[in-house]
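Notes follow the structure.
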Amino acid sequence: MEALKQKILEEGKGIGKDIVKVDMFLNHRIDTKLLFAMGEAWAEEFRDEKPDLVLTVEASGIAMAVAAAHALGDLPVVFAKKSNTAVLTSETVQAGVYSFTHKTQNIIRIERRYLPEGSRVLIIDDFLADGQAVNGMMNLCEQQKAQVVGVGIAIEKGFQPGGQQLRDAGVHVKSLAIVDRIENGKIVLRPDGD
């Protein structure tokens, strides 16, 4: 997606060899025009998969999931919670997920009734690196006998194995931008997308 790629090149920063800092427009401060254009791009890619709902994990994926769900005809959005709360019932599915960014192990959880058996699920997230978050969400779907019909990612770190592993497993993945590498603080994008 050209608008996202341009924004990454103009405003993104590479930290070390593996951190892509884009929080000034993607997940701390959000460029809403870009956000809704991203939602339209995912809707175009996945409309024929006929998803029933959009699934993400809190918190940075929520805005993107809402944009995609809206573009797909105002589907419901479900987000996996990273912490147990007083309002969650004991009727949950859960999976362990390691956060590359925060270097912590999280247990993500969803109340079973929000992810009905047989649902056609589109997963949306901001980043794909090792694939931990996506695999965790796919695990939740598997526990509920829901079908993952696709995975939409804003920025894939192409130098990490998550995206290729998902594609090799036959998952329909659409990354709007793929980072090939980071060189001296500069983000280098893969020229041909995914």
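The values are calculated or read from the model by the stated rules, or taken from the named source; none is laboratory data. These figures come from a predicted structure and were not determined experimentally. We place every Cβ from the backbone using ideal geometry, glycine too, and count neighbours over all the protein chains shown. The area values use the complete protein model at the heavy-atom level, side chains included, leaving out ligands, DNA and RNA. Shrake-Rupley method; radii C 1.70, N 1.55, O 1.52, S 1.80 Å.
³J(HN,Hα) across the range 12-28 via Karplus (A = 6.51, B = -1.76, C = 1.60, θ = phi - 60°), whole Hz, x for Gly/Pro?
In residue order, the calculated couplings are x, 9, x, 10, x, 9, 9, 9, 10, 9, 9, 5, 6, 9, 10, 8, 10 Hz.
Helix-derived [θ] at 222 nm for the chain: sum -39500 (n - 2.57) over DSSP H runs of at least 4, divide by residue count, nearest 500?
About -8500 deg cm²/dmol.
Within the P(r) computed for the range 18-59, what percentage of the Cα pairs occupies the region above 17 Å?
49
Report, largest value first, the span of the C-alpha coordinates of the range 107-187 along each principal axis, in whole Å.
If we take the Cα atoms of the range 107-187, the spans are 47, 25, 17 Å.
So for the pair Gln143, Glu11, with labels modelled 7 Å out along Cα→Cβ, what separation do we get in nm?
3.6
Magnitude of the Cβ-charge dipole of the chain, K/R +1 and D/E -1, about the Cα centre, nearest 20 debye?
With only Lys, Arg, Asp and Glu charged at Cβ, the dipole is about 480 debye.
Kindly write out, for the range 110-125 in residue order, the coupling ³J(HN,Hα) from the Karplus curve 6.51 cos²θ - 1.76 cosθ + 1.60 (θ = phi - 60°), rounded to whole Hz, with x marking Gly and Pro.
Per residue, the Karplus-derived 3J(HN,Hα) values read 9, 5, 3, 5, 7, 10, x, 4, x, 4, 9, 10, 9, 8, 10, 8 Hz.
Enter the accessible area of Asp23 (Å², nearest 10), with the probe set to 1.4 Å and all protein chains included.
In the full protein context, Asp23 sits at about 40 Å².
What do the square roots of 5 times the Cα gyration tensor eigenvalues come to for the range 1-70, in whole Å, largest first, as semi-axes of the equivalent ellipsoid?
Value: 24, 14, 11 Å, ordered largest first.
Starting from the 7 Å offset along Cα-to-Cβ, what nm value, one decimal, do you get for the label separation of Ile107 and Lys186?
4.7
So who's got an amide H within less than 5 Å of the one on Gly131, skipping anything under 5 residues away but keeping other chains? H placed 1.01 Å off N, in plane.
Gly162
If you count the DSSP beta bridges with both ends in the range 22-138, what percent of them are antiparallel, to the nearest 5?
55
So for the pair Glu2, Asp48, with labels modelled 7 Å out along Cα→Cβ, what separation do we get in nm?
My value for the distance between the label points is 2.3 nm.
Convex hull over the Cα atoms of the chain, averaged projected area in nm²?
10.3
Could you pull out the pairs from Lys82/Lys145; Lys7/Lys103; Lys5/Lys82; Lys13/Lys157; Lys5/Lys81 whose alpha carbons sit more than 24 Å apart here?
In this structure, Lys7/Lys103; Lys5/Lys82; Lys5/Lys81 exceed 24 Å between Cα atoms.
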